[in-house]
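Pasting a structure here, questions to come.
The values are calculated or read from the model by the stated rules, or taken from the named source; none is laboratory data. What you see is a predicted model; the values in this text were computed from it and never measured. Here the Cβ positions follow ideal geometry from the backbone for every residue, glycine too, while neighbour counts run over all protein chains shown.
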Amino acid sequence: MNSQQEKVLSVIAQKNIRFVRLWFTDVAGVLKSVVIDPGELEDAFTEGIGFDGSSIEGLTRVHESDMLLKPDASTFQLLPWRDESDPVGRMFCDVLTPDGQHARSDPRGALERVVDKARDMGFTVMVHPEIEFYLFRQPVSIDNIVPVDNAGYFDHVARGHSNDFRRRAVRMLEDMGISVEFSHHEGGPGQNEIDLRAVDAVTAADNIMTARIVIEEVALQEGLFATFMPKPFADHPGSGMHTHISLFEGDENAFYAPSGEYQLSMTGRRFIAGLLEHACDICAVTNQHVNSYKRLWGGGEAPSFVCWGHNNSSALVRVPRYKPDKRRAARIEYRALDPAVNPYLGLAVLIAAGLDGIDNERELMPEAEDNVWELSDRERQVLGIRSLPASLSSAVAQMRGSDLVADALGEEVFDYVIRNKEKEWREYRHQITPQELRQFLKVN
């Protein structure tokens, strides 16, 4: 048993913690949880806790049902929304096979494998996500979706639910050791954003999962409802999760070069080139639901085309401005992800695509300086700007032929994602929408 595990056991004993939650995700990105007695934790650290993997979406087949959960002691935190008199701890877990090997179907394990590849290339991957979401008044039903306010981008709403909500959510996140950089009202009514500080990629994915739970818990406590649905309103902006990525070689930012255009190094340019090369291949992972494509193609500054730019909000990849004396802040921003993504798989394919650009010394296409949405199809074609998939069906078809995505996810996860997304598309295609009924039933 290592020192981190011993520290967790000591804290549990000191605080008289009676319940410890072990967290992990299925392949679709749904958080799973099992509660164990602290007396079982020492065995969990050394041997793992057994569970039926065949009952979890995508983890294993029925005839291979036995799986193990092994807690990551470095992720131990108390749940701040629980009563202090009866504290509850939580840890994220890796999923193992019965012989103690990392399960190829574990989403967290898929990200860890890609991060290991980056490490073998000499890089540490840092990630900073911007999580957008909508807040609705309760009760919520399909026929009753009322935002908590009618405010807009950066608006301050006097005595507004959003202000109190964000303050409580940020405090809870920071109580769990998750640093928040910004929080503010977004462009849609009731739409908010919380930006988490940059951390290593696996921790970032853990933090995104935690933030989604914290946001939902705080909303329920305040009589509200939070949703990470990419596009809940046809006439208002969708919710994205713009994701900032940087690579470090030791203490040096590998994306920074003082003499480069926008101080972007050749490593950074090749990383972007890899992202653009594989943007359509990874879209079924970064934008995994039918509703995701209504955001991508619904306006509101969502990216629809494969290009990059410096200060261009219509680009898929952006090189943000940063203060000249903060070379550690050099980074790229990938704008397609939405907050309904499985963060482990989404980050895994993003990093894999960027590393491929470095590995194969891919050349970066010219910068898009114009508003890409306002260009004609012919103008975009001349510039070599492709479109992102317009539907989940198109995205899955594109992903099916991608060796890079198959390698990043692993065969088991890759096959499951394809089957699961094809099922979602069939169910969506089967529906008759209210719009169709209004169009074709000419009822007075």
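Looking only at helices (runs of 4 or more DSSP H) that lie completely in the stretch 323-413, which have at least 2 residues being within 17 Å of residue 117 (Cβ to Cβ)? Spell out how you get there, then give the answer.
Details: elements: 343-359, 377-383, 392-400, 403-409.
Hits in the stretch 323-413: 343-359, 403-409.
Would you call residue 153 in the same structural domain as residue 255 (by TED's automatic domain parsing), modelled with pLDDT of 95 or more and aromatic (Phe, Trp, Tyr)? Working first, answer last.
Values: in the same structural domain as residue 255 (by TED's automatic domain parsing): yes; modelled with pLDDT of 95 or more: no; aromatic (Phe, Trp, Tyr): yes.
Judged against the criteria, residue 153 is not a match.
All but one of (1) touching an Asp or Glu at 6+ places or on another chain (Cβ under 8 Å); (2) in a loop (DSSP other than H, G, I, E, B); (3) in contact (Cβ under 8 Å) with a residue 60 or more places away in the chain hold for residue 86, so report the exception by its number.
(1)
Going through the stretch 156-182 one residue at a time, which ones are of a type in the set (Gly, Ala, Ser) and at pLDDT 95 or above?
Within the stretch 156-182, 169, 177, 179 meet the criteria.
Just to verify a result, which residue in the stretch 297-325, among those that are of a type in the set (Phe, Trp, Tyr) and modelled with pLDDT of 85 or more, is farthest from residue 277 (Cα to Cα)? Steps first, please.
Residues of the stretch 297-325 that are of a type in the set (Phe, Trp, Tyr), as a first pass: 297, 305, 308, 322.
If we keep only those that are modelled with pLDDT of 85 or more as well, we get 297, 305, 308.
On the way: 297: 20, 305: 12, 308: 12 Å.
Filtering first and then ranking leaves 297.
Pick from the stretch 9-33 the residues that are farther than 22 Å from residue 109 by Cα and not polar (S, T, N, Q): which of them is nearest to the chain's Cα centre (by Cα)? So that I can check it myself, show each step before the final result.
First, pick out the residues of the stretch 9-33 that are farther than 22 Å from residue 109 by Cα: 9-19.
Within this subset, residues satisfying the condition of being not polar (S, T, N, Q) are 9, 11-13, 15, 17-19.
Numbers: 9: 31, 11: 30, 12: 30, 13: 34, 15: 33, 17: 31, 18: 31, 19: 28 Å.
Applying the filter and picking the extreme gives 19.
Filter the stretch 36-62 for residues that are outside any loop (DSSP other than H, G, I, E, B) and in contact with a Ser or Thr (Cβ under 8 Å, 6 or more places away or on another chain); which is modelled with the lowest pLDDT? Walk me through how you get there before you give the answer.
First, the residues of the stretch 36-62 that are outside any loop (DSSP other than H, G, I, E, B): 36, 38-46, 49-55, 62.
Those left that are additionally in contact with a Ser or Thr (Cβ under 8 Å, 6 or more places away or on another chain): 52-55, 62.
Working: 52: 77, 53: 72, 54: 68, 55: 63, 62: 38.
This residue is 62.
If residue 152 satisfies all but one of (1) of a type outside the set (Lys, Arg); (2) in contact (Cβ under 8 Å) with a residue 40 or more places away in the chain; (3) surrounded by fewer than 17 Cβ atoms within 10 Å (Cβ to Cβ); (4) outside any helix (DSSP H, G or I), what's the number of the condition it fails?
(2)
What residue, of 208, 215, is closer than 22 Å to residue 290 by Cα, in contact (Cβ under 8 Å) with a residue 60 or more places away in the chain and under 18 Å from the mean Cα position of the chain (by Cα)?
Working: 215 fails: closer than 22 Å to residue 290 by Cα.
Being closer than 22 Å to residue 290 by Cα, in contact (Cβ under 8 Å) with a residue 60 or more places away in the chain and under 18 Å from the mean Cα position of the chain (by Cα) holds for just one of 208, 215, which is 208.
Looking at 165, 233 in this structure, which one is assigned to a helix (DSSP H, G or I), among the hydrophobic types (A, V, I, L, M, F, W, C), farther than 13 Å from residue 339 by Cβ and in the same structural domain as residue 134 (by TED's automatic domain parsing)?
Numbers: 233 fails: assigned to a helix (DSSP H, G or I).
Matching residue, one of 165, 233: 165.
Look at the stretch 92-140 and say how many of its residues are part of a strand (DSSP E or B), surrounded by fewer than 17 Cβ atoms within 10 Å (Cβ to Cβ) and under 20 Å from the mean Cα position of the chain (by Cα).
Selection size over the stretch 92-140: 1.
Quick one: which residue in 328, 438 is touching a strand residue (DSSP E or B) at 6+ places or on another chain (Cβ under 7 Å) and modelled with pLDDT under 95? Let's see the steps before the verdict.
Working: 438 fails: touching a strand residue (DSSP E or B) at 6+ places or on another chain (Cβ under 7 Å).
Exactly one residue qualifies, and that residue is 328.
Okay, moving on. With the requirement that a residue be out of contact with any helix residue (DSSP H, G or I) (no Cβ under 7 Å at 6 or more places or on another chain) and assigned to a helix (DSSP H, G or I), what does the stretch 168-203 give you?
170, 171, 174, 175, 203 - these are the residues of the stretch 168-203 that are out of contact with any helix residue (DSSP H, G or I) (no Cβ under 7 Å at 6 or more places or on another chain) and assigned to a helix (DSSP H, G or I).
Pick from 386, 426, 400: which is modelled with pLDDT of 95 or more and touching a strand residue (DSSP E or B) at 6+ places or on another chain (Cβ under 7 Å)?
Values: 426 fails: touching a strand residue (DSSP E or B) at 6+ places or on another chain (Cβ under 7 Å); 400 fails: touching a strand residue (DSSP E or B) at 6+ places or on another chain (Cβ under 7 Å).
Matching residue, one of 386, 426, 400: 386.
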